[in-house]
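Take a look at this one; I'll ask things after.
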Amino acid sequence: MPVITNIDDLKRLYQRRVPRMFYDYAESGSWTEQTFRENTSDFEDIRLRQRVAVDMTGRSTATQMVGQDVAMPVALAPVGLTGMQCADGEIKAARAAEAFGVPFTLSTMSINSIEEVAEATSAPFWFQLYTMKDQDYLSRLIERARAANCSALVITLDLQILGQRHRDLKNGLSAPPKLTIPTMMNLATKWRWGIGMLGAKRRDFGNIVGHVQGVSDPSSLMAWTGEQFDPSLDWDKIAKLKEQWGGKVILKGILDADDARMALKVGADAIVVSNHGGRQLDGALSSIRALPAILDAVGDKVEVHLDSGIRSGQDVLKAVAMGAKGTYIGRAFTYGLGAMGQAGVTRALEVIHKELDVSMALCGRRRVDELDRDILLVPEDFEGRWQ
Ligand code: GLV
């Protein structure tokens, strides 16, 4: 068993064990990948204020997200095709999250279906919704999430149209992978992945295949999004979805204070400051840079969460000290899953938890509700002066 001390260790193992096509899918940003890069480099620009001689006994990272107890302010983000990173990937990730005491969010574009994940877990998970043109299908999807006892609906607002990630096009990304000669040559070196996949419950899009008609290539994310996603989604439709769901709603993909105000108006229980991991609008601000203005606009009225760029417990600390009530990890848990299955997701959570706990202590804080901007050293022009 390799000694894993940080998320990068998991990433290295992940790269070795998972087919190139799925590694590239997770590791890409759109176009030039500027936003993808800045999501992490902007976290590095923030420094921490070391404090000493503060009693650090009795520390806890526990808190709440949308009224739900969490072991730390971290949820597993919805990641499409998770079940292609590792056989039954969504089930394994959801089980790891449940055991750790953090929320798991199932993507609409998952491999394991809502029902399969519900059957394999006992804690309610969150369901991430993409809105589709087919209204009957959309209503059925919401009903399926309700029947599975999902405790929040996470509606993604920044993907009515898919951002271009060059490598997905070059690799011919699909689930299951199409057996071209380059793909077969690469798969031949990933025997551990292949053996797992032979026994997987499912190798296609479980929430979709068999539930909706009219897509030219059911194995292609690009085909699904292009042909089925609803490009006319607007705030009225979001308000109706909230009404239809009737439970907790988290609106994901907010990067602008005006949009944050609109989200508040439609009654979101939380918003996620997110640029979709740098996978949608290249050239957009990193999430951590966009966060302060959004907090100033709505932070006292709605719970503000953040994703995109979280790779360590120190990143969690910085986002929460800045004012976010919770964060999400997507790639960080995916590396663990591809590297070591469920144990790898657990390891990713343990690593992040330890980094968060120790950094909190060294900043002189014992509880999440004690984290504030006072522990951060933020460059003067961090938010930037834009015209
Ligand atoms: C889907 O959510 C993607 O970013 O590929």
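Which of the residues that make up region 333-349 are open to solvent by 10 Å² or more (accessible area, probe 1.4 Å) and either free of Cβ contacts under 8 Å to residues at least 12 places away in the same chain or among the hydrophobic types (A, V, I, L, M, F, W, C) (or both)?
Of everything in region 333-349, those that are open to solvent by 10 Å² or more (accessible area, probe 1.4 Å) and either free of Cβ contacts under 8 Å to residues at least 12 places away in the same chain or among the hydrophobic types (A, V, I, L, M, F, W, C) (or both) turn out to be Met340, Ala343.
Within region 236-276, which residues are within 16 Å of the ligand (Cβ to nearest atom) and at positive phi?
Result: Gly253, His276.
Take Ile195 and tell me if it is part of a loop (DSSP other than H, G, I, E, B) and out of contact with any Asp or Glu (no Cβ under 9 Å at 6 or more places or on another chain). Write out each step before concluding.
Numbers: part of a loop (DSSP other than H, G, I, E, B): no; out of contact with any Asp or Glu (no Cβ under 9 Å at 6 or more places or on another chain): yes.
Answer is no for this residue.
Taking region 46-76 only, how many residues are closer than 18 Å to Glu355 by Cβ and either of a type in the set (A, V, I, L, M) or over 15 Å from the mean Cα position of the chain (by Cα) (or both)? Give the derivation first.
Here is the first cut: in region 46-76, the residues closer than 18 Å to Glu355 by Cβ are 46-51, 56, 59-63, 70-76.
Next, from what is left, pick out any that are either of a type in the set (A, V, I, L, M) or over 15 Å from the mean Cα position of the chain (by Cα) (or both): 46-51, 56, 59-63, 70-72, 74-76.
Total meeting the criteria: 18.
Also, quick follow-up: Would you tally the residues in region 229-245 being under 22 Å from the mean Cα position of the chain (by Cα) and within 15 Å of Ala268 (Cβ to Cβ)?
Within region 229-245, residues that are under 22 Å from the mean Cα position of the chain (by Cα) and within 15 Å of Ala268 (Cβ to Cβ) number 5.
Being of a type in the set (Lys, Arg) and either within 11 Å of Pro19 (Cβ to Cβ) or open to solvent by less than 50 Å² (accessible area, probe 1.4 Å) (or both) is the filter here, so list the residues in region 165-182 that pass it.
Listed by number, the list holds a single entry, Arg165.
Kindly indicate which of Asp259, Asp269 is open to solvent by 30 Å² or more (accessible area, probe 1.4 Å) and within 19 Å of the chain's Cα centre (by Cα).
Sole residue among the options that is open to solvent by 30 Å² or more (accessible area, probe 1.4 Å) and within 19 Å of the chain's Cα centre (by Cα): Asp269.
Please go through region 103-144 and pick out each residue that is among the small types (Gly, Ala, Ser), touching a residue at least 60 places away in the same chain (Cβ under 8 Å) and out of contact with any Lys or Arg (no Cβ under 8 Å at 6 or more places or on another chain).
If the condition is that a residue be among the small types (Gly, Ala, Ser), touching a residue at least 60 places away in the same chain (Cβ under 8 Å) and out of contact with any Lys or Arg (no Cβ under 8 Å at 6 or more places or on another chain), then Ser110, Ser139 are the ones that fit.
A follow-up question, please. Restricting attention to region 131-141, which residues are away from the ligand (no atom under 16 Å from the Cβ) and within 22 Å of Asp88 (Cα to Cα)?
none
So, one more: Return the pair list, or none, for Cβ contacts closer than 7 Å from residues in region 208-227 that are within 14 Å of the ligand (Cβ to nearest atom) to residues that are open to solvent by 50 Å² or more (accessible area, probe 1.4 Å) and polar (S, T, N, Q), at least 6 apart or on different chains.
Ala223/Ser216
Looking at Asp369, Asp357, which is the one that is under 17 Å from Ser60 (Cα atoms), open to solvent by less than 50 Å² (accessible area, probe 1.4 Å), modelled with pLDDT of 95 or more and of a type in the set (Asp, Glu)? Explain how you work it out, then say what you get.
Numbers: Asp369 fails: open to solvent by less than 50 Å² (accessible area, probe 1.4 Å).
After ruling out the rest, the residue left standing is Asp357.
Give the residues of region 218-266 that are touching an Asp or Glu at 6+ places or on another chain (Cβ under 8 Å), under 21 Å from Ala293 (Cβ atoms) and of a type outside the set (A, V, I, L, M, F, W, C), sorted by residue number.
Lys252, Gly253
Count, please, the residues in region 199-225 that happen to be in contact with a Ser or Thr (Cβ under 6 Å, 6 or more places away or on another chain), open to solvent by 10 Å² or more (accessible area, probe 1.4 Å) and either within 17 Å of Leu129 (Cα to Cα) or not hydrophobic (A, V, I, L, M, F, W, C) (or both).
Filtering region 199-225 for residues in contact with a Ser or Thr (Cβ under 6 Å, 6 or more places away or on another chain) gives 206-207, 219-220, 223.
Subsequent filtering for residues that are open to solvent by 10 Å² or more (accessible area, probe 1.4 Å) retains 219-220, 223.
Still in the list and also either within 17 Å of Leu129 (Cα to Cα) or not hydrophobic (A, V, I, L, M, F, W, C) (or both): 219-220.
Residues flagged as in contact with a Ser or Thr (Cβ under 6 Å, 6 or more places away or on another chain), open to solvent by 10 Å² or more (accessible area, probe 1.4 Å) and either within 17 Å of Leu129 (Cα to Cα) or not hydrophobic (A, V, I, L, M, F, W, C) (or both) within region 199-225 amount to 2.
Of all residues in region 277-319, how many are within 16 Å of the ligand (Cβ to nearest atom), in a helix (DSSP H, G or I) and surrounded by fewer than 20 Cβ atoms within 10 Å (Cβ to Cβ)?
0
Take Pro2 and decide whether it is free of Cβ contacts under 8 Å to residues at least 60 places away in the same chain, more than 14 Å from the ligand (Cβ to nearest atom) and on the phi < 0 side of the Ramachandran plot.
Working: free of Cβ contacts under 8 Å to residues at least 60 places away in the same chain: yes; more than 14 Å from the ligand (Cβ to nearest atom): yes; on the phi < 0 side of the Ramachandran plot: yes.
Against the criterion (free of Cβ contacts under 8 Å to residues at least 60 places away in the same chain, more than 14 Å from the ligand (Cβ to nearest atom) and on the phi < 0 side of the Ramachandran plot), Pro2 qualifies.
Ok, one more. Anything in region 108-130 that is open to solvent by less than 10 Å² (accessible area, probe 1.4 Å), touching a Phe, Trp or Tyr at 6+ places or on another chain (Cβ under 8 Å) and within 14 Å of the ligand (Cβ to nearest atom)? List them, or say none.
Initially, region 108-130 is screened for residues open to solvent by less than 10 Å² (accessible area, probe 1.4 Å), giving 108-114, 117, 125-129.
Retained after the next criterion (residues that are touching a Phe, Trp or Tyr at 6+ places or on another chain (Cβ under 8 Å)): 108-111, 114, 117, 125-126.
Listed by number, the residues that qualify are Thr108, Met109, Ser110, Ile111.
The values are calculated or read from the model by the stated rules, or taken from the named source; none is laboratory data. None of these values were measured; they are calculated from a predicted model. Using ideal geometry, Cβ is built from the backbone for each residue, glycine included, and neighbour counts are taken over all protein chains shown. For the accessible areas, the whole protein counts, side chains as well, though only heavy atoms, and no ligand, DNA or RNA atoms are used. Shrake-Rupley method; radii C 1.70, N 1.55, O 1.52, S 1.80 Å.
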